[in-house]
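The values are calculated or read from the model by the stated rules, or taken from the named source; none is laboratory data. Everything quoted here is computed from the prediction, not taken from an experiment. Here the Cβ positions follow ideal geometry from the backbone for every residue, glycine too, while neighbour counts run over all protein chains shown.
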């Protein structure tokens, strides 16, 4: 089974689960049967646009922080990276995600590797670290927020809500443990893996299988080079601080969106953090250029957890998708034209990466 088919099946499975949840809500909630399209359309006119402008500015600020964090992570293999190269690759990379879906994630490390003339596999390792820090911060933030808030829906009882908090907290601990293992035992794990691989392929170093094992050793070693920043406690502390600041800005962005779309509901910051976690979970399953998972997860979170009217939840979900996933497209397109690239070429780069 090739990678594209696997990604397609994963996407279809995730969207099916989200769609089933939305369909269940539509069939069981009388609010959906009374959906008023005029209320849905008028909710866009009631938006407080200063809050939306603030959300835009916060989104753009996060790309600068991502570039600064990558600058720290890349230093073991590139001591003096050019900040502009990292920033432009970050903006174009997130534009690729908006257009191509999650497969576009690999455009950014590929572009950085080419711009900074370093190995692609090493930058994919940096991307793994970056995503690990992102996941760690989001899980920790959501776990804390869940402990501070009780859902409005009667269909989400206290026992279920507390179980969710414990699950998110456990996932945070597991991810932190994996980072610690990678920091101290990556080389040992690679050697054990290669030894096992050699045994499974016949063990003869002169055979084609043995040559293949040796070829596998090099990308693993380069990947390990990309993880070298894990061994520098000061670099890790700096990355954690940048990650915390980045996700604080993103949470404030979600708070601004909720304040702009539903000022009368008076959302609190911890609710914005929970909503952020729900949308991030849905964003893992998005159709290229369309979203899907983002909007469905946002609607379910706003209606089932926070009790928002379905019309207002639907319009808010659309604005969340536009502000947090599509807002990067204009600067990304400008940078693409400046560098002589196109979306078609980025698709080719993604398949190479």
Subject >> Residue match in segment 280-298 (condition: modelled with pLDDT of 90 or more and in contact with a helix residue (DSSP H, G or I) (Cβ under 8 Å, 6 or more places away or on another chain)) >> reply: no
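One line per residue, one yes/no per condition, for (1) within 21 Å of residue 286 (Cβ to Cβ); (2) touching a strand residue (DSSP E or B) at 6+ places or on another chain (Cβ under 6 Å); (3) surrounded by fewer than 20 Cβ atoms within 10 Å (Cβ to Cβ):
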residue: 56; (1), (2), (3): yes, no, yes
residue: 71; (1), (2), (3): no, no, yes
residue: 83; (1), (2), (3): no, no, yes
residue: 88; (1), (2), (3): no, no, no
residue: 98; (1), (2), (3): yes, no, no
residue: 104; (1), (2), (3): yes, no, no
residue: 110; (1), (2), (3): yes, no, no
residue: 117; (1), (2), (3): no, no, yes
residue: 122; (1), (2), (3): no, no, no
Subject >> Sole residue being touching a helix residue (DSSP H, G or I) at 6+ places or on another chain (Cβ under 6 Å), within 25 Å of residue 301 (Cα to Cα), at pLDDT 85 or above and part of a helix (DSSP H, G or I), chosen from 112, 137 >> reply: 137
